[in-house]
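Enquirer: Take a look at the following structure, please.
The values are calculated or read from the model by the stated rules, or taken from the named source; none is laboratory data. Everything numeric here is computed off the predicted structure, so don't read it as measured data. Cβ coordinates were reconstructed from backbone atoms using ideal geometry, including for glycine residues, and neighbour counts include every protein chain displayed.
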């Protein structure tokens with residue numbers, strides 16, 4: 001369930017199904033995976049910086 005596309009589900013349903021029960025828990029895993037915070041990645045994306053397309 002966690003790896004597929006589920007348009008009928010919302011983010012809360014997906015997070016709960018994947019075992020996340022609070023914000024710090026999901027943010028810790030996000031930072032480990034992305035090596036950055038969601039806020040910083042979103043700010044960089046808005047500024048036109050796409051680390052996913054051109055990782056350094």
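Enquirer: Please work out which residue is modelled with the highest pLDDT, limiting yourself to segment 12-34 and to residues that are in a loop (DSSP other than H, G, I, E, B) and surrounded by fewer than 11 Cβ atoms within 10 Å (Cβ to Cβ).
Expert: 19
Enquirer: For a quick check of your reading of the model, give me the residue pairs whose first member lies in segment 2-13 and is closer than 15 Å to residue 26 by Cα, whose second is in a loop (DSSP other than H, G, I, E, B) and modelled with pLDDT of 75 or more, with beta-carbon atoms closer than 8 Å and at least 6 apart or on different chains.
Expert: These pairs meet every condition: 2/18.
Enquirer: Now for a separate question. Which one is modelled with the highest pLDDT among residues in segment 35-48 that are loosely packed, with under 12 Cβ neighbours inside 10 Å and in a loop (DSSP other than H, G, I, E, B)?
Expert: Among them, the one singled out is 35.
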